[in-house]
Amino acid sequence: MLSGIRGAAVRIDAATPPRRDRAVDALRALAILGVVLGHWLVTALVADGGTLRAASPLGPMPWLAPVSWMFQTLAVFFMVGGHVATRSLASARTRGVTYGAWLRTRLARLFVPVAAVLVVWTVAAACLLLGGASFVTVHTVVKLALSPLWFLLVFAALTAATPLLVRLNPLWPLAVVFHVDLVRFGLGGPSWLGWVNVVAGWLVPYTVGAAWTRGELERPRAGRLLLIGGAVATAVLIGWAGYPASMVGVPGAAVSNLDPPTLAAVTFGLAQCGLALLLRDRLRRALRGPLAWAAVALVNLSAMTVFLWHQTAMMATTATGLFAGRLPGLHTVPDGLGWVAARLLWLPVFALMLGVCRAAFHPYERGPREPRRRDGGRSRVIRVHHRSGRTESKAAPSA
């Protein structure tokens, strides 16, 4: 069995184009896994009679805030997304592919898998209501299942605007976030103004990714500046400006750093981006081995499925567990270390259920082929993959 795994890893490694930057895929995989583990650790469904309610251990145990620092990795994902999109657009223009064809391909990769999620949860919500489940329960589970979709809307908007963002300095959207928060929190402005930061806040790491494509972040000095500057700014905002320490939303909290993003979330994201940039060379060296690269490649191949279905996997486990009663770490109130210890034991079960979801819904993640060039041909990489066979052509995840 071990020889078979290693043989498959070698084939995946051999099918990967030599010029592919494996650090990009590693950072994307780490970002996705960070989001998944973060949600599984700080989101709880509490059984209250016949009703399920959402809760978080960060409320009764605020000292767990550093958990959100480790697993709130969306800034890294947006940085990698900006880097990949700007690089892909430049490549498409070189091949003579139109902007419209390029955009349709990238958006299809985002939204085709969403159709399966919407259909499943529409049917599930109807069945739950017809089966007598309370509206609170249905609202809770549907909101948790579909909440990751907000990310896709923002990411799609930034992807569509990529030609306008290729040379945008990240300081411009950062200035917008700063002034929005100044008006909201410093001058008593309207709270709805914060929703401007949904775009401006994530535009900051996205344009950092564009700067990476331009070659402006290759020196370690750039990564250190982002890491240290972002960390110091975040510490000041939390310690002296009164921003929450948690980088994710906490039920009942007056202010959320994530919904919508605040200046503290953005500066924290810049620190994460700086750390990610500093890790690139180490990741490239680590991924020279076929086994390590195969693991990263497989995560990237299933990135959308993992992202879209990880909350469903957790809730399916929770619902199934109700047949055995109120289980610690699964249905109980997250108010102590006992809950944390029990929740850690449930993580492998969540992962197993996510594997079932992947087996069922991964086919919907297969995006369309790269658009043909105007001369009717395909890029050299695609021709090489086509000749190498169907299995090996899927081994390297698409950018």
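The values are calculated or read from the model by the stated rules, or taken from the named source; none is laboratory data. Please read these numbers as outputs of a predicted model, since none were measured by experiment. Every residue, glycine among them, receives a Cβ derived from its backbone with ideal geometry; neighbour counts consider all protein chains shown. Accessible surface areas use protein heavy atoms only, side chains included; no ligands, DNA or RNA. Shrake-Rupley method; radii C 1.70, N 1.55, O 1.52, S 1.80 Å.
Overview of values
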read-out	value
Cut-off under 5 Å, modelled amide H: who pairs with Leu52 long-range	Thr137
Chain lengthening between Lys143 and Leu352 when straightened (0.36 nm per residue, less Cα-Cα)	73.0 nm
In Hz, Karplus ³J(HN,Hα) per residue of the range 241-258 (6.51, -1.76, 1.60; θ = phi - 60°; x = Gly, Pro)	9, x, 6, x, 6, 6, 8, 10, x, 10, x, x, 6, 5, 10, 10, 6, 10
Additional length obtainable on full extension of the chain from Val198 to Val114, 0.36 nm per residue less Cα span	28.2 nm
Backbone HN-Hα couplings from phi across the range 9-21 [Karplus 6.51/-1.76/1.60, Hz, Gly and Pro as x]	4, 5, 5, 4, 4, 5, 7, 7, x, x, 8, 5, 7
Accessible area per residue, Å², the range 209-313 with all protein chains present, probe 1.4 Å	43
Theoretical ellipticity at 222 nm over the chain - DSSP helices of four or more residues, -39500 (n - 2.57) apiece, nearest 500	-21500 deg cm²/dmol
Label-point gap, in nm, between Leu171 and Leu275 - each point 7 angstrom along Cα→Cβ	2.6
The range 170-300 - percent of accessible surface contributed by carbon and sulfur, probe 1.4 Å	69
Estimated vicinal HN-Hα couplings, Hz - the range 193-204 in sequence order (Karplus 6.51, -1.76, 1.60; Gly, Pro = x)	4, x, 6, 4, 6, 4, 8, 4, x, 7, 5, 4
Computed accessible area, Arg285, all protein chains, 1.4 angstrom probe, square angstrom	130
